[in-house]
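Below is one structure, written out as structure tokens; comments come after it.
The values are calculated or read from the model by the stated rules, or taken from the named source; none is laboratory data. Keep in mind that this is a model prediction, so the values were computed, not measured. Please note: Cβ atoms are built from the backbone with ideal geometry, for glycine as well, and neighbour counts cover all protein chains shown. Please note that ligands, DNA and RNA were not included when accessible areas were found on the heavy atoms of the full protein model with its side chains. Shrake-Rupley method; radii C 1.70, N 1.55, O 1.52, S 1.80 Å.
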Amino acid sequence: MTKISANKSANGEVCHHATNGLKPRKNGFVKNFDQQQQQKYCYPEEKVHHIACNGGLYNRPFNESFEETPMLLAVLTYLSYGILTIFGYLRDFLREWKIEKCNIASERDEQRDFVPLYQDFENFYTRNVYMRIRDSWNRPICSVPGAKMDLVERVSHDYNWTFEYTGKVLKDVINLGSYNYLGFAANTGVCADAAAEVTRKYGVGVGSTRQEMGNLSSHEELEKLVAKFLGVESAMAFGMGFATNSMNIPALVGKGCLILSDELNHASLVLGARLSRSTIRVFKHNNMQSLEKLLRDAIVHGQPRTHRPWKKILILVEGIYSMEGSIVRLPEIIALKKKYRAYLYLDEAHSIGALGPNGRGVVDYFGLDPQDVDALMGTFTKSFGAAGGYIAGKKELVDYLRTHSHSAVYATSMSPPVVAQILTCMRCIMGEDGTTFGLEQVRQLAENAAYFRKGLQEKGFIIYGNSDSPVVPMMLYMPSKLSAFGREMLKRNIGVVVVGFPATPIIEARARFCISAAHTKEMLDVALNTISEVGDMLNAKYSRRRVLPSLDRSFDEETTYEENED
């Protein structure tokens with residue numbers, strides 16, 4: 001059903017390439033696969049017809065790479081955490097005997113016999129590891145977070161327990177960390193002008209919920225435009241992206257329902273699933289055989305103990321996974337959803353505006369019918385440079401959420417200038433402003449992401465994710481290199497985001513770059529050269545050009561997608 005080929009490169013290394021990540025059959029051949037040469041995807045003016053993979057589910061190449069972690073590097077990373085743990089216990093011993101000052105919150109002596117407010121062991125990592133590299137996060141900015149930004153300089157004299165501001169400002173720092181995918185986060189231009197005009201007319205806040213006195217005509221206009229943009233019947237907007245997931249999932253499912261969640265789903269999806277009181281089962285990231293096994297078991301066995309059928313089965317996935325840079329295998333998931341008659345909830349927080357020839361997300365990226373997704377969720381905080389989120393789908397779904405969602409009933413309405421920012425950006429992407437600027441930004445983002453990802457790979461770094469994703473994780477592995485990379489890059493006037501445990505697996509610390517359409521080629525070249533320089537300094541170029549297939553399958557069953565007749 002798929003093909004994995006090993007080709008010898010010019011230097012003799014073996015490069016593995018996977019078209020859709022499934023395992024080949026034992027005889028080495030595959031079914032329903034046209035062995036034409038694959039083309040790299042871009043957004044040209046003319047239409048390019050790509051080969052169909054996996055029995056016609058894909059109309060374009062699907063290329064993801066997750067290079068294997070070198071064994072020596074994994075051992076050294078575990079060893080470094082072991083050393084940090086030993087020294088952490090030593091420092092805790094010194095703090096207990098008042099030899100070293102304890103800056104972390106602790107119980108007072110007269111409350112030692114009380115139930116503890118602070119879990120001492122649980123905070124071990126925070127006080128002994130995180131605090132030593134805390135300067136790599138929470139950096140205050142004092143400008144628009146565009147392609148370049150200004151940072152407030154700060155110093156610490158007690159190993160990052162406290163910070164002091166020097167009064168200096170770091171000017172024109174290249175911003176590789178913000179989710180400003182299309183470059184609309186700006187204080188000039190039509191979007192900013194529209195927001196300023198609405199602020200003068202309506203003010204900043206509404207001071208009420210949508211169901212009371214906070215329903216403005218602009219709110220209804222926004223929801224109609226979102227539905228039109230996505231190609232669905234209806235949509236509903238919310239003031240907070242995180243709450244869009246965490247407060248609406250409990251309204252859709254409850255006790256007696258089953259949630260099948262990708263193991264790398266965002267915390268808002270995880271929280272929403274837990275609040276729903278539904279049974280939660282986790283499938284391996286983007287692994288369709290793992291998902292189908294759970295679906296099959298759910299249908300066959302039903303609920304635990306009673307074995308009654310599940311009231312609902314809801315699949316939770318994201319469009320772009322923000323820590324891995326991978327894109328959901330939506331055609332396969334929709335096929336499985338139809339086969340087993342489950343529901344699909346798609347979080348397009350990072351993919352809406354950033355993927356697809358029309359900027360309409362992962363559904364547009366694969367050329368699928370949005371009607372096949374039961375609940376389309378997205379946020380306005382990234383590609384639109386604003387705040388809030390939405391849920392879109394059938395009119396019955398949205399009408400139900402208007403009366404049953406806690407976020408809809410109790411939350412304050414979206415701020416009018418925020419609504420104006422979103423409306424202007426969305427009309428720009430759709431071309432309703434009479435220009436092609438929005439689509440040009442979408443194409444520019446695709447070009448920038450491909451250029452930057454290719455540049456990092458050529459310089460010898462291990463890069464995760466899909467070739468079309470604007471999220472580019474670069475592996476650093478060791479905690480010491482994590483902090484050193486962030487500090488050295490800032491010294492060279494480039495702001496980056498570094499991510500480590502517990503946000504990632506303990507041996508997979510990384511730098512995460514978010515590419516924007518606002519980045520110029522000159523900015524990206526400066527960033528690539530600087531990253532290469534710092535990478536040489538830290539000896540962080542680990543790639544051996546041995547790219548693994550997209551997924552490490554653990555199931556041997558062949559996945560089929562024929563929809564059941566009864």
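List of remarks:
- Dipole magnitude for segment 234-357: about 800 debye, using +1 per Lys or Arg Cβ and -1 per Asp or Glu Cβ, origin at the Cα centre.
- All-pairs alpha carbon distance profile, segment 365-413, 10 Å steps from 0, percent: 21, 44, 31, 4
- Within segment 82-152, the ratio Rg/Rh, alpha carbon atoms throughout and Rh by Kirkwood, equals 1.15.
- Helix-only CD estimate at 222 nm, as mean residue ellipticity for the chain, using -39500 (n - 2.57) per DSSP H run (n ≥ 4): -10500 deg cm²/dmol
- In plain terms, if you count all Cα to Cα distances in the chain and split them into 20 Å steps from zero, the share in each step is 19, 52, 28, 1 percent.
- Cα-centre dipole for segment 79-216 with unit charges at Cβ (Lys and Arg positive, Asp and Glu negative), debye to 20: 400
- Carbon/sulfur fraction of accessible area - segment 369-493, other protein chains in place, 1.4 Å, %: 53
- Average Cα contact separation per residue, the chain, under 8 Å, 6 or more apart, as relative contact order %: 20
- Each Lys and Arg adds +1 at its Cβ and each Asp and Glu adds -1 at its Cβ; summed about the Cα centre, the chain shows a dipole of about 760 debye.
- Among residues other than residue 302 with Cβ under 11 Å from its Cβ, the summed charge is +2 (Lys and Arg +1, Asp and Glu -1).
- Environment charge at residue 211 (Cβ cut-off 15 Å; Lys +1, Arg +1, Asp -1, Glu -1): -2
- Coordinate range of the alpha-carbon atoms in segment 373-454 per principal axis, descending: 45, 28, 20 Å.
- Positive-end residue of 117, 143, 161, charge dipole of segment 105-174 with Cβ unit charges: 143
- If you wrap the tightest convex hull around every Cα atom of segment 153-288 and split its volume per residue, you get 258 Å³.
- Exceeding the 28 Å Cα-Cα cut-off - candidates 224/339; 338/394; 148/224: 224/339; 148/224
- Two-decimal log10 I(q)/I(0) for segment 326-403, as the Debye equation yields it once each C-alpha is a single scatterer, q = 0.18, 0.23 Å⁻¹: -0.76, -1.13
- Seen from every direction in turn and averaged, the convex hull around the alpha carbons of segment 255-311 projects onto 3.8 nm².
- Within the shell defined by Cβ-Cβ distances under 14 Å, the residues around residue 246 carry a net charge of +1, with Lys and Arg each +1 and Asp and Glu each -1.
- Using bins of 10 Å that start at zero, the share of Cα-Cα pairs per bin across segment 252-394 amounts to 12, 43, 34, 9, 1, in whole %.
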